[in-house]
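Data first, discussion second: the structure below is written as C-alpha cells.
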Amino acid sequence: MAVYLDNAATTKPCEAAVEAVINNITLDYGNPSSLHKLGLKAEEVIRESRKAVAAALVCEPDCVYFTSGATESNNTALFGIAANYGKRRKKLVISAVEHSSVAAPAKHLEEMGYEVVRIYPNSSGEISADEFIAAVDENTFMVSCMLVNNETGAIHPVKRIFSAVKRSFPECVTHCDAVQGFMKIPFKAADLCADLITVSGHKIHAVKGAGALFVKKGTRVAPLIYGGGQEKGFRPGTESVPLIAAFGAAVNSMRPGIKTAYSNAEELNGYLRKNLEKLPFVTINSRAENNSPYILNFSAEGVRSETMLHYLESNEIYVSSGSACSKGAKSPVIAAMKLKDSLADSALRASFSRMTTYGDIDMLVKYLQSGYESLAKVKR
Amino acid sequence: MKEIFLLKEGEIALKGLNKRNFEEAFIKNLRHRLKPLGKFEYTRAQSTVYVVPEEDVDVDEAFSRCCKVFGAAAVCRAVVCEKSMESIAETAVEYLGDELSCKKTFKVEAKRSDKHFPLKSPEICAELGGILLEKFTNLSVDVKNPEITVTVEIRDTNAYVHAVRVSGAGGIPVGTSGKAMLLLSGGIDSPVAAYMMAKRGICVEAIHFAAPPYTSERARLKVERLCEKLTPYCGDIKFFCVPFTKIQEALRDNCPEELFTIIMRRLMMEIAQRVAAKEDCMALITGESVGQVASQTLGAMVCTDAACRIPVFRPVIGMDKTEIIEISRKIDTFETSIEPYEDCCTVFTPKHPKTRPILEEVVKAQESFDFEPLIAEAVENTELKVIKL
C-alpha cells in the first residue's frame, strides 16, 4: 500500500467528509439562499459546519467566514485590512518565511506603496519575538505571522508577538496563518491574540476548496469580491455547500482526538528522527524543540531533492521536496535558514497525519537508505 | 455566403518537372490537418490550391490550420458568387462592408482567367470601384498604397471576391525532404529547431531521453505536450522515449566529471542514430546554438559530431536566445518549454564542464567503460508513441 507522507501538502479526505459531500450533492443540493426548504436544509448544513469550525477555534460561530481555501483567506486578510486600516498607516510587518499566499499579497502591497518589513529567522528557523515586536511602530497597520511553518514545522511565538504588539499598539491588526497548526497543535483563537486567523479544510482530511477566516468581532475586513451578499457580504458567491459540509464533518470527527493525535505524532516524529540519525548521510533540518511533530524536514546530502522524491515515489512513498526546485530557485524558507547548498539542494519533507503508521516510517527509512546507495553522486 | 480558402503556393510554384509531387504532398498535408473538421474539396490551378468546405464546418479553425501548413506563401479567404457584375458587387459590399466602411483608401484588382467573361480585367476594376465609391463615401481610390485591396477573380465556373490575405507558413510541404530525428530535451530550442526543419519539408520524428527517478514523469509529459504543439506544423510526430537512467549512472561512476556532458551527448547521438536508422531517418536535428552552454561550444560540437555517422542539422546554430524565443512564442511552444522540470541534460551537470574538450581524451574516457550493452538495451527498450494532431 502507498505510504503517504505528504500531509502538509494535502490529506486524504476522511470517511465523514466523503459522506458529507455525497449527501450534499445527491440529497441536500439546494442553494442556501433559496427560500424553500431545500435551501433551508443547505443553510443548516453551513450553519453546522460553521459551528464545528468555531468550536475547534473556540470562538463564536459568527466569527467564522468560509472561503475557497487558505490562499483566499490570506489574500482577504491582507488586502481587506489594508483597504480599511492602511489608509494613514502604511507599514506591514510579516515573517520572511510566510507561505506564498501571504508573501505574494504582501509583495503586491509593497508595489502599491506600502512598506513591508520582513523578519528573518535564525539558522534553526526560529523567528525572534523581540525582533518582530521591535519592528512594529505606530505607523504599522498590520502584522502577520504564521503559526507553524509549512516546510520545517517550526512553531513561531505568535502569541508572544501578537500580545506584545497589542499591548503597545492596540490599533494594529494581527493576522495568523494557522493552516499547519489548525487541529494539530492545540490552540484557541483568543490565546493567539489574533484578530484574523486563516485555516484550511483539506489539510485536516476535508476536501480541497474550502477554508475559513476567523475574524474577531469589531475587525473591519473589506471583501475582495462583490456580489450577492453571502457570508454577510464578506465573501459573496453561492457557498460551496458540499465542500463546507465536508469541512465541518472533518472537524467534528477529528476534534475529540487532537491531543492523542498530537502525542502520537510526537512519537512517530521521534521514531523517524531516531532512525534518520542512524543514516550517516542524513541531516535533520527541523529543530528538536518548538517544532510541530507533524512535519520533519531533513536532507539526504548527495542526492537532489527531486531525484530522491522520484525514487521514493517509484516505490510508492510520497514525500515533498523540502526546497522547491532545482536551478537556483531555492525555497525562501530554506534560503532564510542559510543552510549550505548541498543541504538545501537535498532537503525533503515528511509530514504526518493521523493515518500515518510506524510501518510507513520504516518504509521511508528503508528506501531512503537504498535510494542513497543507488543515487548518490559522490559515494563515501 | 459560402467561403472558400485560396492557398497561394510559394516556393512550390518555382519547382520544375517534379512540381506535381510537391503539390500533391501539400494537399495531402492539408487534407490530414483539416480532416477532423469535416469534408473539404481540394483543387489546384495556376499555383493556387482551392479548399472548399463541403458542409458546415468551423471555418475560422480551418483557416487558422491552413495558415500553419508549410507550402503556402499566402492564404486568402474568399466568397463564391455568380459570374455577373451585379452579383460580384453585391457580394463585395456584403462580405467586405465592415472592412470598407472603416478604411480611407482602396483599390480593386481583378483577374479574369475565363476569357469569355464580357468585361476585361481593367473594366471590372473600374466598374466595381465605381460602385464601391458610391456606396462608401469614406473611401477614395489609391492604386499605389491602398489600405485595402478588393480582389475579384473570374474563373471557369464561378467568380470569387477575396478577403484580406495573410501570410502563409511558407516553406515547402512536410514529407518532401525525407525524414530526420530530432533530439528533444524539453527546452526552448529544440522545438524551434523542429519547426525550422519541418518548414524545409522534413518529416520530423522526435527522440527524448528520460532518466527516472532523476527526471520525473512530468518532464516526459511536458515533452509530449511540446510535440503536440508542433503537430499543426509538422503533422503527426513519432515520439521515441529512451530509458537513459542506467547509462547516466554508468557515466557518473566511470567517467571523469568534467566530461560527463560531452560523453552523454555522444551517447545520446549514438542511440538517436540507431533509432533513426530503424526509422529510415537520414539526419539528426538538435537545438544547439554556438556557445550557449558548455556542450555547445565549437570544441564540444566537434567531439559530439565525431560520434555521428549521419548529418546533424542545427537550424538555430547562429541565433541568439532572444531570436529563438521569438519563434517559440510564435509557434506557441514557449510557455510549455519553460515549465521547470529537471531534464536529462541537467542531471549530474559537472561543476566545471570542459568547454574545450579534446577529442582523443573524450574518446579515451568513453572507451574506459563498455557502454555498448547499455546502449543496445536502451535502444531495445525505447518506447514509441505517435503524437497526433
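Derivation of every value follows stated rules applied to the coordinates shown; laboratory data play no part. Keep in mind that this is a model prediction, so the values were computed, not measured. With ideal geometry, Cβ positions are generated from the backbone for all residues, glycine too; neighbour counts draw on all protein chains shown.
Quick one: work out the % antiparallel among DSSP beta bridges in the stretch B:179-387, nearest 5.
Working: 5 of 20 bridges.
For the stretch B:179-387, the DSSP antiparallel bridge percentage is about 25.
Only Lys, Arg, Asp and Glu carry charge here, each on its Cβ (+1 for the first two, -1 for the last two); on that basis chain B has a dipole of about 760 debye about its Cα centre.
As a size descriptor, the averaged projected area of the C-alpha convex hull of the stretch B:179-387 was calculated at 10.2 nm².
What you get for the stretch B:179-387, charging only the Cβ of Lys and Arg (+1) and of Asp and Glu (-1), is a dipole of about 460 debye around the Cα centre. Residues whose amide H lies under 5 Å from that of A:L348, counting only those 5 or more places away or on a different chain, are A:F298, A:S299, A:A300, A:G322; hydrogens are built 1.01 Å from N in the peptide plane. A Cβ-based charge dipole, computed about the Cα centre of the protein assembly as shown with Lys and Arg at +1 and Asp and Glu at -1, lands at about 840 debye. Whole-Hz Karplus values for the stretch B:180-185 come out as 9, 9, 8, 8, 10, 8 Hz, taken residue by residue from phi with 6.51 cos²θ - 1.76 cosθ + 1.60 and θ = phi - 60°; glycine and proline positions read x. In chain B, helical runs assigned H by DSSP with n ≥ 4 each contribute -39500 (n - 2.57); averaged across all residues and rounded to the nearest 500, the mean residue ellipticity at 222 nm is -12000 deg cm²/dmol. Across the protein assembly as shown, Cα-Cα pairs farther apart than 38 Å form 57% of the total. Semi-axes of the equivalent ellipsoid of the stretch A:31-121 are 34, 15, 12 Å, computed as sqrt(5λ) over the eigenvalues of the C-alpha gyration tensor in descending order. The share of C-alpha pairs in the stretch B:3-167 whose separation exceeds 18 Å stands at 61 percent. Since only A:S168, B:L96, A:A77 are under comparison, the one whose Cα sits farthest along the positive direction of the charge dipole of the protein assembly as shown, derived from C-beta charges on Lys, Arg, Asp and Glu, is A:S168. On C-alpha positions alone, give me the angle between the axis of helix A:258-277 and the longest principal axis of chain A, in degrees, nearest 10. Between the helix axis and the principal axis of chain A, the angle is about 20 degrees. Could you tally the net charge around A:S320, taking each other residue with its Cβ under 12 Å from the Cβ of A:S320, Lys/Arg +1 and Asp/Glu -1? Summing Lys and Arg as +1 and Asp and Glu as -1 gives -3.
For the stretch B:376-387, the Karplus equation 6.51 cos²θ - 1.76 cosθ + 1.60, evaluated at θ = phi - 60°, returns couplings of 4, 5, 4, 4, 4, 8, 5, 9, 10, 9, 8, 8 Hz by residue, with Gly and Pro reported as x.
Seen from A:S95, the other residues with C-beta closer than 12 Å to its C-beta sum to a net charge of -3, counting Lys and Arg as +1 and Asp and Glu as -1. Helix B:189-199 axis versus longest C-alpha principal axis of chain B: approximately 50°, rounded to the nearest ten.
With springs connecting C-alpha atoms under 10 Å apart, model chain B as a Gaussian network and identify which of B:F63, B:F26, B:F106 has the largest mean-square fluctuation. Result for chain B, Cα springs under 10 Å: B:F106 fluctuates most.
A simple packing score, the average count of other Cβ atoms within 10 Å per residue, orders the peptides B:221-231, A:72-82, A:277-287 as A:72-82, B:221-231, A:277-287, with the highest score first. Inter-part distance, the stretch A:51-74 to the stretch B:309-378, computed on C-alpha centroids, equals 52 Å.
Just want to confirm a number: the relative contact order over chain A, from Cα pairs under 8 angstrom separated by 6+ residues, in percent.
23
To the nearest 0.05, how large is the calculated FRET efficiency for A:A2 and A:D341 if R₀ is 45 Å and r is the Cβ-Cβ distance?
0.90
Counting only other chain Cβ atoms within 10 Å of each residue's Cβ, the peptide A:303-310 averages 5.
Among B:V316, B:V75, B:V164, the residue with the largest mean-square fluctuation in a Gaussian network model of chain B, with springs joining Cα atoms closer than 10 Å, is B:V164.
With a cut-off of 14 Å between beta carbons, the residues surrounding B:T176 carry a summed charge of +3, where Lys and Arg count +1 and Asp and Glu -1. Across the stretch A:231-244, computed HN-Hα scalar couplings (Karplus, 6.51 cos²θ - 1.76 cosθ + 1.60, θ = phi - 60°) run 6, 6, x, 6, 8, x, x, 4, 4, 7, 4, x, 6, 5 Hz from first to last residue, x flagging Gly and Pro. The value given for chain A is a Kirkwood hydrodynamic radius of 21.5 Å, derived from the mean inverse Cα-Cα separation. Distance between the C-alpha centres of the stretch B:189-209 and the stretch B:18-86: 24 Å, rounded to the whole angstrom. For A:R354, no residue whose modelled amide H falls within less than 5 Å of its own remains once neighbours fewer than 5 places apart on the same chain are excluded. Over all Cα atoms in chain B, the spread is summed up by Rg and Dmax: 26.3, 85 Å. Summary of the geometry: the stretch B:114-147 and the stretch A:352-375, compared by the centres of their Cα atoms, lie 81 Å apart.
Based on DSSP H segments of at least four residues, each scored -39500 (n - 2.57), chain A has a per-residue ellipticity at 222 nm of -12500 deg cm²/dmol.
Students often get this wrong, so check it: of A:K107/A:K217; B:K229/B:K330; B:K8/B:K68, which have C-alpha atoms separated by over 21 Å? Correct reply: A:K107/A:K217.
Test of understanding: ordering B:K144, A:K338 by Cβ neighbours within 10 Å, fewest first, what list do you get?
B:K144, A:K338
Counts of other chain beta carbons within 10 angstrom of each beta carbon in peptide A:52-63 average 0. Only Cα pairs under 8 Å and at least 6 apart count here; give the relative contact order of chain B as a rounded whole percent. So the answer I get is 17 percent. Computed from Cα positions, the angle between helix B:85-101 and the longest principal axis of chain B comes to roughly 60 degrees. Going by amide H atoms built from the backbone, whose H comes under 5 Å of the H on A:H205, apart from near neighbours? HN-HN under 5 Å from A:H205: A:T11.
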